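The structure appears below as structure tokens.
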Amino acid sequence: MLNKVLIPVFFTIIFTLFSCSSKQSIDVAENGDISCNMNIKITEMFMSYVDDLSEAMGVKKNTNAYFDVEQIEKSFASYDNVTLEKISTPTKDALNLRFTIKNDAKGISKATDGILTLSESSGNKKIKFIFDKNKYRIVSKKFLIEENPILSRLAPYPDEPFTEDEYLDTADYVFSEYSKDAVAIIKNCFVDIEINIKGKIVAAQGGKISGSKATFSIPVLKFLTLYDPISLEVEYR
């Protein structure tokens, strides 16, 4: 995905782990179909890190883009009920894409390895995103993340998860030759998520409500450590 070194992984997870900023807009239709637009930009610090490791491993660098569009397309094609509608790399360090997830008899949960779920009770509907150590193990095993020398250094350690302070100490060491402000850069990286609902939102766990829209801002550091589960929930009717 990056420089053809990173293997394709489930949707947004690995993009999120190493992005400087990630903005996602999720539209939920009345029938539960989901449409997602993403804009991702990776840090100069991480680009330099990828370049150096790629050179050390003898991997040819893609000078036009850090994201491997062909590999990303293959990743999406491997999932049922998921369609990649549009993908582009407006600059070498940025990626824009749009995809849809069909909520048919198999359900959203199966299509997303349980990371996204839809439910209904007492007339209210609920969409929930959860990413924890167990979900990460599924992604890691499926796409051999631990066998990748670039990802394995920075990805979560589900069996012995770092605290946020421990992770920052490690990152400060790993990126010391690339930036004097590595810790500050990582602390200031966020995933911004906007969920738009056809209906009225009655609750948004961890987010802010504005009409039929719920917004969330999650530090990337939480994805990098997974010391605690990441859980977002929107209830609507």
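The values are calculated or read from the model by the stated rules, or taken from the named source; none is laboratory data. Everything numeric in this text was worked out from a predicted model, so none of it was measured. With ideal geometry, Cβ positions are generated from the backbone for all residues, glycine too; neighbour counts draw on all protein chains shown. Each accessible area value is taken on the protein alone, full model and side chains, heavy atoms only, with ligands, DNA and RNA left out. Shrake-Rupley method; radii C 1.70, N 1.55, O 1.52, S 1.80 Å.
Just to be sure, is G206 at positive phi and without any contact (Cβ under 8 Å) to a residue 24 or more places away in the chain? In short, no.
Determine, yes or no, whether I101 is closer than 23 Å to T215 by Cα, surrounded by fewer than 16 Cβ atoms within 10 Å (Cβ to Cβ) and either modelled with pLDDT of 85 or more or in contact with a Pro (Cβ under 8 Å, 6 or more places away or on another chain) (or both). It is false that I101 is closer than 23 Å to T215 by Cα, surrounded by fewer than 16 Cβ atoms within 10 Å (Cβ to Cβ) and either modelled with pLDDT of 85 or more or in contact with a Pro (Cβ under 8 Å, 6 or more places away or on another chain) (or both). Being modelled with pLDDT under 85 and farther than 15 Å from I193 by Cα narrows it down to one residue among T12, T83, T91, T43; which is it? Being modelled with pLDDT under 85 and farther than 15 Å from I193 by Cα holds for just one of T12, T83, T91, T43, which is T43. Per this entry, K180 is counted among residues that are without any contact (Cβ under 8 Å) to a residue 40 or more places away in the chain and open to solvent by 60 Å² or more (accessible area, probe 1.4 Å). For the stretch 127-140, taking the residues that are over 13 Å from the mean Cα position of the chain (by Cα) and closer than 19 Å to I218 by Cβ, the one that is surrounded by the most Cβ atoms within 10 Å (Cβ to Cβ) is identified as I127. Give me the residue from the stretch 183-222 that is closer than 16 Å to E166 by Cα and touching a Phe, Trp or Tyr at 6+ places or on another chain (Cβ under 7 Å) and, out of that set, most open to solvent (accessible area, probe 1.4 Å). Checked the stretch 183-222; the qualifying residue most open to solvent (accessible area, probe 1.4 Å) is P219.
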